[in-house]
Amino acid sequence: GLVLSDSSQVVSPVLAEACRLGEAEVLVLGIRPLGGEGMPLLLREVLDGLYARFGPDGRAPGGRVLSAGLDVGGIIDLIAVRVIDFGLLANHTTPACAVAALRQFRDFAQLMKRTPDEASDGWWMPRESGAPTVLLCFRGEAIISRFSNFLSKEWKLPASTGGDILFTPTVFAARQAFGTFFSGLGPSAFEQSVPCDNLRSPLRFSLPSVGGVEGGNDFRISEANLFPEKLSNQLTVAMLLPPKLDAVLFRTLIACEQNEFTLVAAVLSGRLGEPIAKTLFDQEVADGHLSSADWPAFHESVAQNAADHPEDNDFKCLWLVFARHQAIKRLAQLCGHGDPSLNQQCLRAALRTGRDHIHNGIRCSTSSATAEGLLVALGREISQGLESLTALEPWPPLRSLGVEDGDRMLQCTLIVGALAKDVGFGLVRVLRELQSAVGEQGLALVGLSASDAAAAAGAAASGGDSAWLLRQAPALNAQLLRWSETRPASSAAVDLAASSGRLILAACEGPVSVERARRALAAVSASMPKGALEWYYSASTGEAAVDVACFFSELHGSKHYIVEG
């Protein structure tokens with residue numbers, strides 16, 4: 001039996017924000033009541049049209065196949081249907097909650113601003129007995145705007161342009177319609193369009209508790225699952241790779257700032273260990289970006305071969321940890337398909353760039369499981385490096401920099417930066433400005449460690465695996481304070497880092513690096529609000545040799561190297 005629920009008072013301002021940030025929306029379509037055989041035929045035409053455009057075999061305008069890498073999290077699912085004969089209520093008053101919800105629906109003419117919003121009042125009432133109204137409930141990312149565009153520009157079905165098909169034009173109208181007509185339903189009676197572990201499924205990127213049993217297709221229709229009441233700081237991981245690391249980093253930071261990502265951590269590293277390389281490769285194969293035959297080439301491009309010398313300073317990759325609501329899905333969408341040429345063919349603006357699907361510039365986690373695995377591996381690497389540094393005795397440590405023969409004109413210097421709280425931006429912007437400034441000065445980043453303890457704490461509160469980031473902060477602060485005693489000029493930056501938890505440590509290499517680092521920092525400071533940043537750079541080449549060794553156990557893509565003793 002149908003139970004109508006009054007949900008008019010359940011409207012959360014978080015809902016619109018969550019949907020704007022990539023949460024899957026609900027769309028309710030209404031089909032005007034038609035008598036005779038008209039309704040079954042029209043219902044079939046409606047479903048066929050929607051399947052052709054938004055289903056698993058659907059195609060974009062122009063006939064392009066919607067491959068998984070170009071349609072991350074983009075599938076739309078039918079989750080419930082209601083068939084209601086409001087004519088049976090003719091002798092009774094239709095519940096006010098139902099009338100209020102149905103009045104929010106809009107048709108083609110109203111969408112095109114050809115008729116007023118009131119023109120569709122009573123659309124649900126049949127013109128003859130026995131004619132039911134059909135309500136279809138769908139779910140998918142940005143489904144309201146996508147359907148609006150489809151209805152206004154693409155759908156040629158006469159009933160759609162004739163006003164027989166109506167829809168909920170806002171997330172709040174959909175929330176009200178769902179709460180009124182679909183609340184209390186259990187598992188969906190409809191199979192998911194694609195398995196929930198498919199790259200196109202929105203469920204792949206949801207928290208494990210959403211959708212029923214983790215890893216299953218038993219999506220439970222509940223208001224808690226469909227309409228979030230709070231935002232979650234989900235963590236995701238990106239790995240930037242040569243040969244175009246600097247270019248990809250700049251583009252990635254711009255895109256992530258525009259899409260409101262918070263940079264939680266950044267770490268410059270060398271070649272990957274076998275387990276991490278295999279984790280990334282298996283994910284890329286499952287997503288269709290690589291094939292199993294690509295393993296030798298992929299392994300050679302990222303992993304440390306046991307036959308190679310471990311002191312391989314020429315290779316460098318950059319790990320970035322971001323936080324955001326629906327972070328995993330959104331970053332995967334920004335990266336695009338694994339083959340850069342396919343993104344170009346489809347006119348898709350994507351972060352991936354390079355000569356082929358092996359050397360595409362960036363890899364990122366595309367599931368919660370992969371993100372957690374990479375975070376654990378990255379945390380282990382950072383923790384080991386930090387433990388080796390904090391255990392250094394005596395102080396200052398008996399470590400310094402060496403440089404390869406033939407490159408003695410190059411210098412290496414340390415930069416320490418701290419960002420204040422509540423300045424309206426985060427480390428994404430600071431790192432972007434720093435990378436640009438040091439590049440303009442002819443310097444290269446050969447060591448980098450950035451962290452935002454407050455962002456890590458927020459992610460941990462939302463269930464993200466950021467415990468190692470929280471453990472890192474006290475040890476790093478103690479290291480900074482011990483070092484600052486020998487570098488009085490660094491006290492302002494060190495004190496701000498201790499209070500805000502937002503820190504950047506960078507080693508820069510190039511000719512006359514100390515002076516050029518000073519110029520770069522002057523440019524960065526000029527681009528930021530006054531008081532937002534505190535900086536320190538090594539005062540001389542001799543101090544720089546000690547400073548860099550205090551915070552980096554190894555350098556990458558560098559002609560310099562750490563000398564023990």
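Could you give the spread of the C-alpha atoms of segment 504-565 along their three principal axes, from largest to smallest, in whole angstroms?
41, 21, 21
Can you return the lysines within cross-link range of residue 156? Criterion is Cα-Cα under 30 Å, with same-chain partners fewer than 8 residues away left out.
Counting by Cα, and skipping residues close in sequence, residue 156 has these lysines nearby: 113.
Within segment 124-205, report the trypsin sites (Lys or Arg not before Pro) that DSSP leaves as loop and that have at most 10 other Cβ atoms within 10 Å.
Qualifying residues, ordered by number: 127, 156.
Using the alpha-carbon atoms, what tilt in degrees (0 to 90, nearest 10) does helix 427-440 show relative to the longest principal axis of the chain?
50 degrees
How long are the three semi-axes of the equivalent ellipsoid for segment 264-381, computed from the Cα gyration tensor as the root of 5 times each eigenvalue, in whole Å, largest first?
Semi-axis lengths for segment 264-381 are 22, 19, 13 Å.
Which of 242, 557, 50 sits farthest toward the positive end of the charge dipole of the chain, with +1 on the Cβ of Lys and Arg and -1 on the Cβ of Asp and Glu?
About the Cα centre, the residue reaching furthest to the positive side is 50.
Can you find, among 473, 138, 377, the residue farthest towards the positive end of the dipole of the chain? Put +1 on the C-beta of Lys and Arg, -1 on that of Asp and Glu.
138
Going Cα to Cα from residue 530, which lysines come in below 25 Å? Please leave out same-chain ones fewer than 8 positions away.
Correct list for residue 530: 421.
Which aspartates and glutamates, on any chain, are close to residue 278 with Cα under 17 Å apart, when same-chain ones fewer than 8 places away are left out?
Candidates past the 8-residue exclusion: 287, 294, 300, 372, 381.
In Å, the Kirkwood hydrodynamic radius of segment 78-207 over pairs of distinct alpha carbons?
Here the Kirkwood hydrodynamic radius works out to 16.4 Å.
Can you give the angle from 0 to 90° between the axis of helix 368-390 and the longest principal axis of the chain, with both taken from C-alpha atoms, to the nearest 10?
Orientation of helix 368-390: about 20 degrees from the principal axis.
Treating the angle as unsigned and between 0 and 90°, give the value, to the nearest 10°, between the Cα long axis of helix 274-286 and the longest Cα principal axis of the chain.
Around 20 degrees separate the two axes.
Working only with C-alpha atoms, what are the Rg and Dmax values of the chain, expressed in angstrom?
In Å, with Rg to one decimal and Dmax whole: 28.0, 96.
Running Debye on segment 410-560 with equal point scatterers at the Cα sites and no solvent, what base-10 log of I(q)/I(0) appears at q = 0.20, 0.21 Å⁻¹?
Log-scaled intensity ratios, in q order: -1.30, -1.40.
May I ask you to give the solvent-accessible area per residue for the chain, in square angstrom, as obtained with a 1.4 angstrom probe?
That works out to 42 Å² per residue.
Just by accessible area at a 1.4 angstrom probe, what is the order of 536, 561, 51 from largest to smallest? Please list the in-between numbers first.
Working: 536 10, 561 90, 51 115 Å².
Highest to lowest solvent-accessible surface, that is 51, 561, 536.
Using the Cα centre of the chain as the reference point, and only Cβ charges (+1 on K/R, -1 on D/E), how large is the resulting charge dipole? Debye, rounded to the nearest 20. Don't skip to the answer; put the middle values down first.
On the way: 48 positive and 61 negative charges, 287 e Å.
Computed about the Cα centre, the dipole is about 1380 debye.
The values are calculated or read from the model by the stated rules, or taken from the named source; none is laboratory data. Please read all numbers here as calculations on a predicted model, not as lab measurements. Note: ideal-geometry Cβ built from the backbone for every residue, glycine included; neighbour counts use all protein chains shown. Please note that ligands, DNA and RNA were not included when accessible areas were found on the heavy atoms of the full protein model with its side chains. Shrake-Rupley method; radii C 1.70, N 1.55, O 1.52, S 1.80 Å.
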